[in-house]
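Read the structure below first, then the notes.
The values are calculated or read from the model by the stated rules, or taken from the named source; none is laboratory data. What you see is a predicted model; the values in this text were computed from it and never measured. Virtual Cβ from ideal backbone geometry, glycine too; neighbours counted across all protein chains shown.
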Amino acid sequence: MINVYLDDVRPCPRGFVVARSAEECLLLLSVSDVDLLSLDFELGMGEPNGLAVVRGIIVSGKFPKEIYVHSSSQMGRAQMVQELRAADPKGVIIHDGPMPSSVLEAIAAGEQRNA
């Protein structure tokens with residue numbers, strides 16, 4: 001099981017696989033079991049954004065166990081969280097905001113988490 005961090009510019013936290021585009025993120029989600037997914041909204045001018053990833057996840061029905069929406073775009077973050085929560089995926093934890101340092105530290109240390 002992997003952790004995926006979608007962001008076109010921020011450095012990838014230790015213990016995560018980075019996806020720099022919506023396409024790359026959706027590919028990782030399609031071929032891997034994902035424990036924790038952290039999503040950005042803005043992914044570059046003219047590029048599909050994080051909402052495209054959210055919609056792709058919903059259509060596929062293949063959800064990670066836990067999702068954080070770390071985007072600094074308030075509008076984008078709100079749209080992503082709203083659509084994820086409206087899909088009401090069973091057993092998936094959805095967070096409106098970035099991962100707390102305790103989560104980042106546990107993953108970096110390789111600790112098993114119970115979401």
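Restricting attention to region 37-47, does a residue exist that is assigned to a loop (DSSP other than H, G, I, E, B), of a type in the set (A, V, I, L, M, F, W, C) and touching a strand residue (DSSP E or B) at 6+ places or on another chain (Cβ under 7 Å)?
Checked against the condition, which is being assigned to a loop (DSSP other than H, G, I, E, B), of a type in the set (A, V, I, L, M, F, W, C) and touching a strand residue (DSSP E or B) at 6+ places or on another chain (Cβ under 7 Å), region 37-47 yields no hits at all.
List pairs: first residue in region 48-72 and assigned to a strand (DSSP E or B) and among the charged types (D, E, K, R), second residue modelled with pLDDT under 95 and surrounded by fewer than 19 Cβ atoms within 10 Å (Cβ to Cβ) anywhere in the structure, Cβ distance under 8 angstrom, at least six positions apart or on different chains.
66/115
Among residues belonging to region 72-89 that are of a type in the set (D, E, K, R) and surrounded by fewer than 14 Cβ atoms within 10 Å (Cβ to Cβ), point out the one that is nearest to residue 6 (Cα to Cα).
85
So, in region 1-38, how many residues would count as being small (Gly, Ala, Ser), crowded, with 16+ Cβ neighbours inside 10 Å, under 18 Å from residue 51 (Cα atoms) and out of contact with any Pro (no Cβ under 8 Å at 6 or more places or on another chain)?
The number of residues fulfilling the criteria is 1.
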